[in-house]
Amino acid sequence: MTITRTCTLSFPVILSLASLAAAEIRFTEVRSDGRPIIPFDEFGFTHSGRLELNVSHISFSFAVPDSKLGKLGFFLCTRDSWFQVLKQLEDAEISCTLQSDLIKKVFTFDKFQGDRSTVNVVFPQIDSDQYTLVFANCLQNPQQPLELTMDVRSAMYNLDGKSGRRDYLSAGRTVLPRIYFLFFLIYFALAFLWNHVLYKKRLTVYKIHFFMLAVVILKGLNLLCEAEDKSYIKRTGSAHGWDVLFYIFSFLKGIMLFTLIVLIGTGWSFLKPYLQGKEKKVLMTVIPLQVVANIAQVVVDENGPFGQDEIAWKQVFLLVDVVCCCAVLFPIVWSIKNLREAARTNGKAAVNLMKLTLFRQYYIVVICYIYFTRVVVFALETITSYNYLWTSVVAAELATLAFYIFTGYKFMPEAQNPYFAIDDEEEEAAALRL
Ligand SMILES: *[C@@H]1O[C@H](CO)[C@@H](O)[C@H](O)[C@H]1NC(C)=O
């Protein structure tokens, strides 16, 4: 009964994080752990998948009689069958997860041969699906719960059809290096194009336009590192290719993008050459928060989907992200308000109406961008089947690309500045519309 309850409580939390699906070779140290269920990692297998499990330094908090060793062991389980296993436990059809026929037993501790402190198995996993590697401890006597200590190395990979090479990226992620590289090429082209625009319109270029160029270049470099990082994981199962570079560029890109949205929102450098006190305060809030968000992201990435404190860091990241997203909207709202007031007082209605329309559009586009990349992408990740996980990445990158292009197009340096070239007729029409 206790087992059932604990499992029912812990697994929804685990499942809610499941979409992270990292897939490197993982080393996990289990120390005096009495949990009935210990999840390790998850992976989308194709029909030529393998699980390599090496466990060493196994020790128990008290000696376990041989007859009970079968109640300890590793198994693979899909999300769907996990719910059925829980039902079986609830209906008392089985008393231990390992007795269910819906799971795939990888190794139970009654299979030891000789040495009882190490396990080395290669488990061929030929049913293509997303599986979670879990350890079950069914010796949950309330007076004397068994605590385990062990070092677990788990490597899950698919074998490539023709070459037979190992692919450590989960089935839905194996195309990611190529996708990131493709987007890198697109941003590279964009940076080139923007450079060309800046050169052609060099007489009307403001500082903000160079800032935009820097943001596009950083975004491109970030994608290049992500492509290399993912391709390194794919080949070796280890995340230490260009990951440090990737984190650095993500960090810079995050800060610069939010700063850019704030600067455009305030109208800096093309409406006015200075920042007001409250606008500076927004920047001073957003930048440190981005630092925190990036640290949280690194911790989440490095520890895998079931690492300790994973949930706490994930929440920190979400919270900080939401605060940043709200903060960047303030300057745009202030600008809209200022423009509306200015239009009433100084009589340049048409000029201000144009600016106002531009800022209103920008406000809506920023909201859509934030909503899409946070909420829609998350929903996509949750509902798509494990082997189409890359679609959510493509959706997020396309939305980001559209946002960059919109921003560049709307705030392009203009040879004929539209803000000042307006005749009297338009002026009157605008005054009426305001
Ligand atoms: C893990 O176990 C497998 C199967 O026995 C073995 O081939 C492999 O070399 C082991 N790996 C390590 C790092 O011990």
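Of the options 30, 224, 118, report the single residue whose Cα projects farthest towards the positive end of the charge dipole of the chain (beta-carbon charges: Lys, Arg +1; Asp, Glu -1).
It is 224, whose Cα lies furthest towards the positive end.
Dividing the alpha-carbon radius of gyration of the chain by 2.2 N^0.38 Å (N being the number of residues), what value is obtained? Walk me through the intermediate numbers first.
Numbers: Rg = 27.6 Å, N = 434, 2.2 N^0.38 = 22.1 Å.
Scaled against compact globular proteins, the figure is 1.25.
Run through all the Cα pairs of region 275-396 and give the fraction in each 10 Å bin from 0, expressed as whole percent.
It works out to 12, 28, 31, 17, 9, 3, 0, in whole percents.
To the nearest 20 debye, what charge dipole does region 188-332 have about its Cα centre, counting +1 at the Cβ of each Lys and Arg and -1 at the Cβ of each Asp and Glu? Walk me through the numbers on the way to the answer.
Values: 14 positive and 10 negative charges, 192 e Å.
Magnitude of the dipole: close to 920 debye.
Given only helices, namely DSSP H runs of n ≥ 4 each adding -39500 (n - 2.57), what is the per-residue ellipticity at 222 nm of the chain, to the nearest 500 deg cm²/dmol? Intermediate values should be presented prior to the final figure.
Numbers: 11 runs with 232 residues, N = 434.
So the calculated ellipticity at 222 nm is -18500 deg cm²/dmol.
Arrange 236, 259 by Cβ neighbour counts within 10 Å, fewest through most, would you?
In order of increasing Cβ crowding within 10 Å: 236, 259.
Let me make sure I get this right: for region 175-433, a, b and c are the square roots of the gyration tensor eigenvalues over alpha carbons, sorted descending. Under 1.5 in a/c it's rounded, otherwise prolate if a/b > b/c, else oblate. Which is it? Don't skip to the end; give the middle numbers.
Working: a/c = 2.28, a/b = 1.84, b/c = 1.24.
Prolate.
State which entries of 71/104; 219/314; 104/230; 234/314; 207/337; 280/410 exceed 19 angstrom in Cα-Cα distance in the structure shown. Intermediate results must be reported in sequence, preceding the final value.
Values: 71/104 14 Å; 219/314 23 Å; 104/230 29 Å; 234/314 24 Å; 207/337 24 Å; 280/410 24 Å.
In this structure, 219/314; 104/230; 234/314; 207/337; 280/410 lie more than 19 Å apart at Cα.
Given a cut-off of under 8 Å on Cα pairs at least six residues apart, what relative contact order in percent is computed for the chain? Before the final figure, lay out each step's value.
Numbers: 661 pairs, mean separation 75.2, N = 434.
Reported relative contact order: 17 percent.
Considering the options 149, 199, 53, tell which one lies farthest towards the positive end of the dipole of the chain, charges being +1 on Lys and Arg and -1 on Asp and Glu at the Cβ, about the Cα centre.
Result: 199, furthest along the dipole toward the positive end.
Would you mind ranking 199, 187 by Cβ crowding within 10 Å, fewest neighbours first?
The order, fewest Cβ neighbours first, is 199, 187.
Values in this text are rule-based calculations from the coordinates and carry no lab data. As the structure is a computational prediction, the values presented were derived from the model and not from experiment. Note: ideal-geometry Cβ built from the backbone for every residue, glycine included; neighbour counts use all protein chains shown.
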